[in-house]
Each structure stands twice: as structure tokens, then as C-alpha cells.
Amino acid sequence: MEKNAFSRAWWMVVLAAVFLLAYPYLHDRVPFLKDKLRAYNFYESLRNTQPKNKKNKAVKAKAKAPVPVVVNPPTEVQISAYAADNQFHGLTFLTPFFEKLRQKKGQIRIAYYGDSSIEGDLICQTFRDSLQKRFGGQGVGFVGISNPIPGFRQSVRLSFSNTWQRKTVIDKDPGRFPFGISGENFRALYPRPAPPDTTQAPPVLDTAPAPKPIVVNHWSEWGGSKSFFGTRTFSLARLFYGQPLKDSLVHAKGKIRTSYNGRSREIPLEGSDRLNSVVIADSLTSRVRVDFKVPGTLPLYGVSLETPAGIIVDNFSLRGNSGRSLMRIEADDLTAFQQVLDYDLIIFQYGLNVLNAKLQDYSWYTREINQVIAHFQKAMPGVPILIVGPSDKSIKSGAIMHSDPSVYRITEAQRQSAMDKSCGFFSFYEAMGGEDSMVEWVERRRPKLANLDYTHFNSNGAKVAGNYLLTFLLGGLNEYELAYQKRAL
């Protein structure tokens with residue numbers, strides 16, 4: 001009996017050892033293991049085969065100690081924070097923005113464009129919240145009529161009817177309507193009448209039932225969020241819309257009914273310009289609803305929840321965007337929105353969607369980003385632009401995760417674009433600590449700061465990243481104010 005028990009135990013140990021040895025091989029070939037569990041390879045760990053990038057050594061040497069998850073901006077900041085020595089940051093080109101912050105007068109508006117890194121208002125919401133606490137302002141800014149994942153974003157409550165069509169600049173079929181400042185447009189959908197049934201005899205006229213009228217409701221509702229101090233309420237809400245296509249048979253624009261604070265009023269949409277706006281709420285509130293009676297030929301762009309003074313940050317995130325697609329927003333539309341919204345800073349955060357570890361030369365991406373920057377600079381002259389490089393991303397080398405070497409190359413390509421086009425530049429890759437920092441954020445930081453895809457920040461990591469960017473900009477403001485005081489003496 002004891003001999004059989006010992007034999008079973010011995011075989012269990014052998015089978016466990018075989019499984020451990022085979023696991024790295026199985027992990028790459030079994031979908032469940034690959035998606036749900038992490039890989040390991042103790043042979044590579046013992047040999048310490050971690051690849052090095054000589055160009056990244058200086059960046060990695062700048063890695064910081066673990067950063068706590070905080071929301072409030074630091075009280076003292078340095079312009080060189082999170083940047084390698086003597087690297088281009090271009091904060092001089094952001095002087096007009098710093099002057100607006102110094103004056104603290106009127107509304108200071110920021111357009112934050114990006115890919116899935118800022119989807120759901122991640123990074124951006126921390127950035128907005130801290131700036132609003134310091135410089136004032138309420139409201140989440142520009143929001144669409146609908147959203148494919150409305151519950152994901154925590155900084156605004158958005159609900160809507162399922163009778164909207166949404167088109168974006170990254171769609172394969174972008175449609176015929178122009179895009180708004182967010183790279184989106186929306187139009188009301190109406191059901192097409194069903195074709196007559198020719199397989200049955202037509203009914204006798206006096207006995208045929210009267211056709212039921214088709215009633216289609218189009219509505220959207222935007223509400224403040226208690227997740228952040230500045231997004232709970234807003235005192236001004238505006239709806240933005242365009243004009244029907246010139247070859248459209250329907251030129252009527254329709255009307256809307258707004259409801260907030262127990263009040264309701266009907267507003268005709270009478271604007272005839274390329275871009276039109278109408279106030280849908282003009283007193284402090286936490287919610288506004290709009291019921292639409294508009295034709296399907298009228299492009300709608302979204303609403304802005306804001307206050308007349310203080311910081312407003314608009315999140316314009318589109319998953320899968322490399323930045324190039326922004327060229328689909330026509331210059332005349334950018335100019336029209338700038339005349340109404342008056343942006344003081346534009347931020348571009350792209351790069352993750354063009355990473356390719358095998359690609360050595362990214363000069364083509366520098367040229368591509370230069371074209372996008374020139375497009376905005378021509379349409380919105382005088383508005384400073386900040387280029388934000390992507391975060392670190394890890395890929396598998398054997399069975400161990402290491403930085404994708406193209407992250408460094410993309411960062412340098414974007415830095416070159418900023419230098420070419422007189423823009424500011426900030427690198428999340430360098431702020432995180434450079435090479436292999438994403439591995440640390442996923443595997444060793446507590447709480448975890450990134451997801452197991454080794455690409456995207458989680459909510460904790462997005463807070464840290466938002467404060468990195470905030471520290472960078474406030475460092476530039478600090479130096480600008482010191483220089484201003486010296487000139488005043």
C-alpha cells in the first residue's frame with residue numbers, strides 16, 4: 001500500500017516537472033493559456049539574455065523611483081522633469097499657452113487628439129481635473145451625439161437613442177458629410193419603407209387597414225459625472241451642426257427640444273453657415289437632454305459642456321488612428337471651429353498604431369506627421385501644438401517581455417517632427433523610465449499601472465501618466481513665469 005502511494009507521488013512529481021518544462025511551448029500554441037496566463041522561461045532568466053539598445057541607455061538611466069497614484073499636480077516642478085538631458089522639448093513654442101495660463105482670464109481651451117491610449121478619457125481626465133482645480137473651469141468639454149462604448153468613459157454620462165449613424169475619419173467608408181473638430185459626424189437614421197409584397201393579391205381598398213405611422217425618436221442626453229470635481233456640473237452647453245449637402249433634396253434643418261433643470265423649450269435650427277451652434281443650456285446644471293426632429297441630411301457634430309471661464313479640455317480619441325486620418329477634417333471646418341471654440345493648445349498623442357519591430361526607418365512617419373501638423377497650423381494659425389510620444393510597449397522575446405524597439409524609433413521620429421514644425425514635445429516612453437518600463441509597470445509596480453497587453457495603461461497608470469504630462473507643462477509654465485518676472489523688474 002505504501003509502495004503504491006510512493007509510486008503515485010513520484011509520478012505526480014515527474015508529470016509536474018514535464019509540464020513545467022513544456023509550458024513555454026504550450027503557452028504559445030494554446031489560445032486559452034496565451035490569453036489568460038503569463039509566460040515564463042527560467043532558462044532565459046538564468047542566462048540573462050535581455051537585449052540592450054545602446055541608444056536607450058541614457059533614457060533608462062533616467063528612470064524614476066515608483067510614483068504614487070496622485071491626482072493633484074505637484075507644487076514644485078522642473079522643466080527638465082522626465083526628460084533626458086539636453087533633449088529637445090520645445091516648450092518655447094508653447095509660450096502663447098503659458099501666457100494664457102499666467103493671465104487666468106476667460107476660457108482656456110485644449111484639444112487633446114489621440115488613439116486608444118486616451119480612449120474613455122484616460123490620461124486626459126486626470127490632466128483636465130488637475131488643471132481645473134488650479135485654474136478654474138467646469139465641464140467635460142466636447143462630447144459626441146452617440147458613442148460606441150458610452151459606459152466606458154467615467155467623466156461624462158451619455159445616453160442616446162439607437163437611431164443615430166456615426167462616421168469617423170478612420171472609417172473605410174467615411175460617407176459624404178464633412179467631419180467636425182472631433183473627426184466625427186452624426187446624422188439621424190430613418191427606416192426605409194418595406195417594398196410591397198407582390199406574391200399576394202392586393203387587398204380590397206375599403207377593407208385594407210390604414211398603414212401605421214412610422215414614429216422615430218432621436219434623442220441624446222449628457223450628464224455630469226461625480227468622478228471628478230470639475231465634471232459634476234456645467235453652466236453652458238452648446239450644440240454644433242452643419243448644413244445639408246448641396247445636392248440634397250431636403251434643405252430644411254428641423255428643430256430640437258432641450259430639457260434641463262425642469263425647463264423645456266423648442267429651438268429651430270436656422271443656421272445656414274458651414275458650422276452653426278445653438279445654446280441648449282445657459283444656467284448651472286448637471287444634465288441636459290435634446291430631442292431632435294431633423295432630417296437625415298443634416299450633419300451634427302456634438303455638444304460642448306463648459307463654463308465661460310477656466311480650463312476646458314476636449315478629448316478626441318479614435319481607436320486605431322495613426323494621426324494621418326486627421327487630414328480628412330477639411331481645413332475650412334477646422335477654421336470654422338477655431339473661430340467659435342478658440343483653442344489655446346492642441347495636443348497630438350499618436351504612434352502606437354504604427355509600431356513595427358522589424359522596421360528600422362521611420363522617416364516616412366516624420367513626413368506624415370509633418371503634413372498633419374502643417375494642416376492644422378494653416379487652418380488654425382497661431383495655436384501652439386504639443387506632440388506627445390507614445391508609452392512603452394512590450395513584445396515577447398523568447399518567453400520574456402521586452403520593449404518593442406520601434407517605440408524608441410517612433411519617439412525620435414516624432415521628436416524630429418516637433419523640431420521641424422516648431423512644436424513642443426513630450427515623451428511618455430521616457431517619462432515611464434525608457435526601455436522595459438512597461439514590463440515594470442505591469443509586473444512589478446503595485447498597484448499595477450498597465451494592462452496585461454503590455455500596451456495600455458489601466459486607470460491607475462493613466463492617472464500617473466496624466467500627472468507626468470501635467471508636471472511637464474507646469475514646469476514650462478514655471479520657467480515662463482520666472483522669465484516674465486525678470487523682464488518686469
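The values are calculated or read from the model by the stated rules, or taken from the named source; none is laboratory data. Here the structure is a predicted model, which means the values were calculated and not measured. Note that each Cβ is placed from the backbone with ideal geometry, even for glycine, and that neighbours are counted across all protein chains shown.
Laid out as a table, the results:
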item	result
The one condition in (1) at pLDDT below 95; (2) buried (at least 16 other Cβ atoms within 10 Å of the Cβ) that Ser272 fails to fulfil	(2)
Residue within region 226-239 that is closer than 24 Å to Ile110 by Cα, touching a helix residue (DSSP H, G or I) at 6+ places or on another chain (Cβ under 9 Å) and surrounded by fewer than 18 Cβ atoms within 10 Å (Cβ to Cβ) present	yes
Matching residues in region 132-162 - criterion: being part of a loop (DSSP other than H, G, I, E, B), surrounded by fewer than 16 Cβ atoms within 10 Å (Cβ to Cβ) and touching a residue at least 40 places away in the same chain (Cβ under 8 Å)	Gly136
Which numbered condition Glu440 misses (of (1) part of a helix (DSSP H, G or I); (2) among the acidic types (Asp, Glu); (3) under 20 Å from the mean Cα position of the chain (by Cα))	(3)
Test: Leu359 is more than 25 Å from Pro150 (Cα to Cα) and of a type in the set (A, V, I, L, M, F, W, C)	yes
Residue in region 242-252 that is surrounded by 15 or more Cβ atoms within 10 Å (Cβ to Cβ), in a strand (DSSP E or B), at pLDDT 90 or above and not acidic (Asp, Glu) present	no
Residue list for region 205-222, filter: modelled with pLDDT of 95 or more and surrounded by fewer than 17 Cβ atoms within 10 Å (Cβ to Cβ)	Glu221
Test for Asn370: is it under 29 Å from Ser459 (Cα atoms), among the polar types (S, T, N, Q) and surrounded by fewer than 21 Cβ atoms within 10 Å (Cβ to Cβ)	no
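Matching residues to (1) under 16 Å from Phe127 (Cα atoms); (2) crowded, with 23+ Cβ neighbours inside 10 Å; (3) in contact with a Leu (Cβ under 7 Å, 6 or more places away or on another chain):
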site	(1), (2), (3)
Ser437	no, yes, no
Trp441	no, yes, yes
Arg444	no, no, no
Lys448	no, no, no
Thr455	no, no, yes
Asn467	yes, yes, no
